[in-house]
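Asks: To start, I am sharing the structure in question, which I have written as C-alpha cells.
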Amino acid sequence: MNQPPDLHAAYNKKRLFLLSVIALTTTGIGFSIRGNIASELQAALFDPIDKLHSAEMVATALGVVFLGYAFTIAIGSPLLDYIGMGRLLRVSALCFFIGTTIVLCSTTLANAQSTVSLFRIVWFGMLIIGIGQGLVETVINPLAATLYPDDKTHRLNVLHAWWPGGIIIGGLLGLALGQLKFNWQVQMAMVLLPAAVFGILAAGSKFPPTERVAAGVSAGEMIKEVLKPFSSCGFCACF
C-alpha cells in the first residue's frame, strides 16, 4: 500500500516537537517555583509595605499570571496565522525574560519611581509572565496537531505530560535551591534557562502553516463554525 505523502517533510518535526516540549516544561517549572517562593515573596516584598494585607497581595500578584494566560489564549489564537507561530514563541520567551526581570528588580524599580508602588510593579511583571505562558499554549497545540495529523491524540498526550513534568522539575529544583539557602531571586531566575533554550530554538526554526490555512479554510468560516457549535451534530434534530 502506498503511503500518503508527508506534507510537512520540509519541516524538522523532531526539533519543533522538542521545542514545544521545552516551552511547556518552562511554564510548569515557573508555576512550581513561584508557588515555592510565595512565602519568601510575601516576607521580602509585601510585609514591609502592609503586613496586614501581605498575604492577599502575594496571592493577587501570583494569581494575575493566570489572567494574562487566559486573555492571551483568547486573543492570540485567532491571530496565530497572521502573526506566525515562530514569532509568537519568540515573543513568549521574551515575555518570560521581561516579566521575570521586572519582578527580580522590583525593589530597585520602586525606589527609582516613587510614584509607582512595589505591588504594582510585581503585579505587572507577573502579568507579562502570564502572557508568555499563554503564548506557549496558543502555539504548541495547533503546532503538534499540524505536524502529526494522523497521530494527534498520542502526540498531544505526550506533549502535555510535560506540564506536570515541569512542575515536578521545578519543585525538585526549588527544594534543592532552598536547602542550599539560595534566595527567592535565584530560584525565580531558574526559569530563564529553559526560556532561553526554546527562544533560541524558535528563532532558528521554520514553522508550517496551521491545518486551517493548509486546508484553505478562511478565518471567517472558522468563526462562523464557532458561533454555531451544534450545527454539525444531531443535537439540534431533537428540537
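Asks: So G76 fits all but one of (1) of a type outside the set (S, T, Y); (2) open to solvent by 40 Å² or more (accessible area, probe 1.4 Å); (3) in contact (Cβ under 8 Å) with a residue 60 or more places away in the chain; what number is the exception?
Replies: So the condition that G76 fails would be (2).
Asks: Failed condition for A61, given (1) without any contact (Cβ under 8 Å) to a residue 12 or more places away in the chain; (2) crowded, with 19+ Cβ neighbours inside 10 Å, with all others met?
Replies: All conditions pass for A61, except number (1).
Asks: Can you work out which of the residues in the stretch 179-199 that are touching a helix residue (DSSP H, G or I) at 6+ places or on another chain (Cβ under 6 Å) and among the small types (G, A, S) is nearest to T101 (Cα to Cα)?
Replies: Top of the filtered list is A195.
Asks: Would the stretch 44-55 turn up any residue that is assigned to a helix (DSSP H, G or I), acidic (D, E) and out of contact with any strand residue (DSSP E or B) (no Cβ under 6 Å at 6 or more places or on another chain)?
Replies: Checked the stretch 44-55: no residue is assigned to a helix (DSSP H, G or I), acidic (D, E) and out of contact with any strand residue (DSSP E or B) (no Cβ under 6 Å at 6 or more places or on another chain).
Asks: Which of the residues belonging to the stretch 64-73 are open to solvent by less than 30 Å² (accessible area, probe 1.4 Å) and more than 18 Å from M188 (Cα to Cα)? Even if it seems obvious, please write down each step before you answer.
Replies: Let us first name the residues in the stretch 64-73 that are open to solvent by less than 30 Å² (accessible area, probe 1.4 Å), namely 64-65, 68, 72.
Answer for the stretch 64-73, where residues must be open to solvent by less than 30 Å² (accessible area, probe 1.4 Å) and more than 18 Å from M188 (Cα to Cα): G68, T72.
Asks: Would you mention how many residues in the stretch 15-31 are under 16 Å from G99 (Cβ atoms) and open to solvent by 10 Å² or more (accessible area, probe 1.4 Å)?
Replies: So the count comes out to 2.
Asks: Could you give every pair whose Cβ atoms fall below 7 Å, whose first residue belongs to the stretch 88-113 and is under 18 Å from Y69 (Cα atoms), and whose second residue is hydroxyl-bearing (S, T, Y) and part of a helix (DSSP H, G or I), counting only separations of at least 6 or pairs across chains?
Replies: From residues that are under 18 Å from Y69 (Cα atoms), the pairs are L88/T138; F96/T26.
Asks: Sticking with this structure for a sec: Are any of the residues in the stretch 155-166 among the polar types (S, T, N, Q) and over 16 Å from I29 (Cα atoms)? Steps first, please.
Replies: Taking the stretch 155-166 and keeping what is among the polar types (S, T, N, Q), we get 157.
Now narrow it down to the ones that are over 16 Å from I29 (Cα atoms): 157.
The answer is yes; a qualifying residue exists.
Asks: When residues of the stretch 33-58 are filtered for being farther than 23 Å from L173 by Cβ and either among the hydrophobic types (A, V, I, L, M, F, W, C) or open to solvent by less than 50 Å² (accessible area, probe 1.4 Å) (or both), how many remain?
Replies: Looking only at the stretch 33-58, we keep the residues that are farther than 23 Å from L173 by Cβ, and these are 46-57.
In the following step, the residues that additionally are either among the hydrophobic types (A, V, I, L, M, F, W, C) or open to solvent by less than 50 Å² (accessible area, probe 1.4 Å) (or both) were identified as 46-47, 49, 52, 54-55, 57.
Count: 7.
Asks: Among the residues of the stretch 79-113, what is the count of those that are open to solvent by 70 Å² or more (accessible area, probe 1.4 Å) and modelled with pLDDT of 95 or more? Even if it seems obvious, please write down each step before you answer.
Replies: Of all residues in the stretch 79-113, those open to solvent by 70 Å² or more (accessible area, probe 1.4 Å) come to 79, 82, 87, 90, 94, 97-98, 108, 111-113.
From the residues that got through so far, the ones that are modelled with pLDDT of 95 or more too are 90, 94, 97-98.
Summing the residues that are open to solvent by 70 Å² or more (accessible area, probe 1.4 Å) and modelled with pLDDT of 95 or more in the stretch 79-113 gives 4.
The values are calculated or read from the model by the stated rules, or taken from the named source; none is laboratory data. This one's a predicted model, so the numbers in the text were calculated from it and none came from an experiment. No Cβ is skipped: glycine too gets one built from the backbone with ideal geometry, and neighbour counts run over all protein chains shown. Side chains included, ligands, DNA and RNA excluded: accessible areas come from the protein's heavy atoms. Shrake-Rupley method; radii C 1.70, N 1.55, O 1.52, S 1.80 Å.
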